[in-house]
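The values are calculated or read from the model by the stated rules, or taken from the named source; none is laboratory data. Treat the numbers as computed from the prediction; the structure is a model and nothing was measured. Glycine gets a Cβ as well: all are built from the backbone with ideal geometry, and neighbour counts include every protein chain shown. Heavy atoms of the whole protein, side chains included, go into the accessibility calculation; ligands, DNA and RNA do not. Shrake-Rupley method; radii C 1.70, N 1.55, O 1.52, S 1.80 Å.
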Amino acid sequence: MYLCSLKNQHNRELYIMSKNLYIAAAEADSGKSLIVLGIMNILSSHISKVGLFRPVIHMQEAQKFDHDIELVSKRYNLPFKHDEMYGLTSDQALEYIQAGDLDNLYTEIINKYKKLESQCDFVLIEGTDYKGSLKPFEFDFNATIANHLGAPVLSVVSAKDKSVGDIADTLELIKRVLKYEKCTYLGNFVNRAKINQLKETEAMIKRHNADNETHFIIPELESLSKLTVRQLSNALKAKRIYGDDVVLDYDINDFAIGAMSIENVLKNAEKGMLIIMPGDRVDVLIGLFMTLLSDSFPKIAGIVLTGGYTPNREVMRLIEGIDKLPVAIFSVDTDTYETALNVSKIKAVLAPDNERRMAEAFGHFEDHVDGNKVKDLVSLSTPGLVTPIMFEYELFERARANKKHIVLPEGNDDRILRAAEILLKRNVVDITILGNEEEIYKQAKNLHLQLDGVHIIDPFDNDLINDYAATYYNLRKTKGITRQMAHDIMYDVSYLGTMMVYKGHADGMVSGAAHTTQHTIRPAFEFVKTKPGFSIVSSCFFMCFEDRVLVYGDCAVNPNPNSEQLADIAISSADTASVFGIEPRIAMLSYSTGESGKGADVDKVRKATEIARNRRPDLKIEGPIQYDAAFDPTVAKQKMPNSEVAGKATIYIFPDLNTGNNTYKAVQRAAGAVAVGPVSQGLNKPVNDLSRGCLVKDIVNTVLITAIQAQEEDK
């Protein structure tokens, strides 16, 4: 159960035991989805089984799902069916209302809610959308439902197009309604506020907040109201005839009709614009394609060909022969006027598969909402079990709390630039990218990326090279390095980036998307060196299962470690796990459990276990032990019934690289686990390697891990 505390109107402390929270909008277009998403992110970081429930949804016959349910369900992998997460559709609710049968209406909603609640530790309840027939009395309806479900209320008010006086009147009305309905009112989100009214709005709330409710003010962020190319194509049911999946996440800044000469179309073209044009105007289409090859024209976001016309075979051969231009072309059957009208009616929504937009939304919420205040409202305690969602949330929170400077040497890789944009939008690290500044910004422009605030250093044109070369020469001259060799080596981005970390000009480095592991970490071996007391650099993976996060080491660096080195790997992995909130329970893996096994391989593990125990008596370590005995409590009871580690190990140390690398990949594929890493261990400063097949999300997570490692180095 979760304890919520607040002061009532008589300034007495009122305590409520609650397993839920109700988010009620006061009007349409309040931006409630952003609030629900942000709070769900906080809840999921502390509670294993969180559910979302909507009392009434507005779902037309053509729709298959409620957008907000789908958004949260996909983002947080909720294990519930769509129809388990709402009470009634608005049409069903209207039938009860027209029949004057409110008791059964409430009973239906309560029964559906209770079924979901029985499967959850906490339920976030999202109120209605102010669409359809319920609109005239919707806030009162939400207040009544909140009372029936025993849920404290946080309300959401839109400040868009309102004066500060209008906002004050709305807040006062909300308070009166909730007081009349005897609801527990925790506070309010004033969303979509004007930037130039923030201070005035804050002062107004302080003047009127006699009951000490919690209030959050979130300014309007115009980009969250922009359509993406994907949303447009889905809404129009358009057929894509050119463009890859990446371009579907581009923002549409505006749209224009292209039913004129190419000269006039080009005159009106702007960055991020959608061009709607008759499908038989091949001249305009080819002219627009030329703008994408030119550096002197803004990059449009997409083209919609109307009237059911598509380019003939010869023109399509010409278009398809131009590889991966940053644009999508669609075909629709409606004429140009009707298509433009349809586009104007589409409303922007948050989509779970658009990482750029989600990063922007989370970053905006986190910049203006104190997560600790939200936690206090529902008294969230630190969880005993770390789930993947909790793990990822904690990465962002900890990185943001003490921003570090991370260098990314591979500035010519699209994935690096996309990851950099997400990290900048979440405001969690400072970033330096190595590469030619003009080329990087050109590439970012083509990809429709915003890299505001990024630092760029050209490896072949910078003020650091002489100092770095001199430092490298002094460190390596006994190894046969000459001054000229040292100068030439510093043009290599891996050496340049690592030297930035060594000199304290960056706190950590992440590379490997386009370079081998050896290329990435060799400079660190040469002059960053290992920490005192450690004989080797090793690595581990965070293996994110559905209900837990485990640590596997070493699966990437050391081919055949000896007993001393295995002990190092175990201790380093324990330290890494502790840094990221995972209680270390170390399983030293072998083909034999306990004292029964014989042979050189099992003896190596047995000796490593003894060394690790002697060096770190504070750690829980078991070995040699088989994987099943370490992982499965049932097997553990049979093989090692009195062990503190067997059946509940969190750290798995493999006897060699062959075993570790194959096991982590097999588990990743067979169990659907997400492998985050490899994370380097034992270095004096954090330098981490990426897989060359890494995804943008992998890069983001590795940068966050590197930043947190840098924080630990400060300590």
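For the range 605-662, give me the residue count where each residue is under 37 Å from the mean Cα position of the chain (by Cα) and either outside any loop (DSSP other than H, G, I, E, B) or of a type in the set (Asp, Glu) (or both).
Final tally of qualifying residues: 28.
It is to be established whether one or more residues within the range 97-104 are modelled with pLDDT under 90 and open to solvent by less than 60 Å² (accessible area, probe 1.4 Å).
Within the range 97-104 (the criterion being modelled with pLDDT under 90 and open to solvent by less than 60 Å² (accessible area, probe 1.4 Å)), the answer is yes, since at least one residue qualifies.
Exactly one condition in (1) touching a residue at least 60 places away in the same chain (Cβ under 8 Å); (2) part of a helix (DSSP H, G or I); (3) more than 22 Å from residue 462 (Cα to Cα) is not met by residue 541; state its number.
For residue 541, the failing item is (2).
From the list 340, 348, pick out the single residue that is open to solvent by less than 60 Å² (accessible area, probe 1.4 Å), among the hydrophobic types (A, V, I, L, M, F, W, C) and at pLDDT 90 or above.
Sole residue among the options that is open to solvent by less than 60 Å² (accessible area, probe 1.4 Å), among the hydrophobic types (A, V, I, L, M, F, W, C) and at pLDDT 90 or above: 340.
Out of the residues in the range 151-195 that are out of contact with any Leu (no Cβ under 9 Å at 6 or more places or on another chain), in a loop (DSSP other than H, G, I, E, B) and under 23 Å from residue 368 (Cα atoms), which is least open to solvent (accessible area, probe 1.4 Å)?
So the residue we want is 159.
So, in the range 473-514, how many residues would count as being in contact (Cβ under 8 Å) with a residue 60 or more places away in the chain and open to solvent by less than 40 Å² (accessible area, probe 1.4 Å)?
Of the residues in the range 473-514, 14 are in contact (Cβ under 8 Å) with a residue 60 or more places away in the chain and open to solvent by less than 40 Å² (accessible area, probe 1.4 Å).
Does residue 318 meet the test of being closer than 29 Å to residue 229 by Cβ, in a loop (DSSP other than H, G, I, E, B) and not hydroxyl-bearing (Ser, Thr, Tyr)?
no
Based on this model, can you work out whether residue 692 counts as of a type in the set (Lys, Arg) and assigned to a loop (DSSP other than H, G, I, E, B)?
Against the criterion (of a type in the set (Lys, Arg) and assigned to a loop (DSSP other than H, G, I, E, B)), residue 692 qualifies.
If you scan the range 111-132, which residues turn out to be part of a helix (DSSP H, G or I) and surrounded by 16 or more Cβ atoms within 10 Å (Cβ to Cβ)?
Within the range 111-132, 112, 113, 116, 117, 132 qualify.
Look at the range 474-524 and say how many of its residues are over 32 Å from the mean Cα position of the chain (by Cα) and part of a helix (DSSP H, G or I).
Number satisfying all stated conditions: 13.
Within the range 351-382, track down each residue that is farther than 29 Å from residue 417 by Cβ and open to solvent by 60 Å² or more (accessible area, probe 1.4 Å).
370, 372, 373, 376, 381, 382
Looking for whichever is surrounded by fewer than 18 Cβ atoms within 10 Å (Cβ to Cβ) and out of contact with any Phe, Trp or Tyr (no Cβ under 8 Å at 6 or more places or on another chain) here; the options are 221, 198, 248. Which one fits? Spell out how you get there, then give the answer.
Working: 221 fails: surrounded by fewer than 18 Cβ atoms within 10 Å (Cβ to Cβ); 248 fails: surrounded by fewer than 18 Cβ atoms within 10 Å (Cβ to Cβ).
On inspection, the qualifying residue turns out to be 198.
Residue 292 passes all but one of (1) part of a helix (DSSP H, G or I); (2) open to solvent by 40 Å² or more (accessible area, probe 1.4 Å); (3) in contact with a Lys or Arg (Cβ under 7 Å, 6 or more places away or on another chain); which number fails?
Residue 292 satisfies every listed condition except (2).
Test of understanding: among 597, 647, 623, which residue is modelled with pLDDT of 90 or more and open to solvent by less than 20 Å² (accessible area, probe 1.4 Å)? Before you say what the answer is, go through the steps one by one.
On the way: 597 fails: modelled with pLDDT of 90 or more; 623 fails: modelled with pLDDT of 90 or more.
None of the other options fit; the residue is 647.
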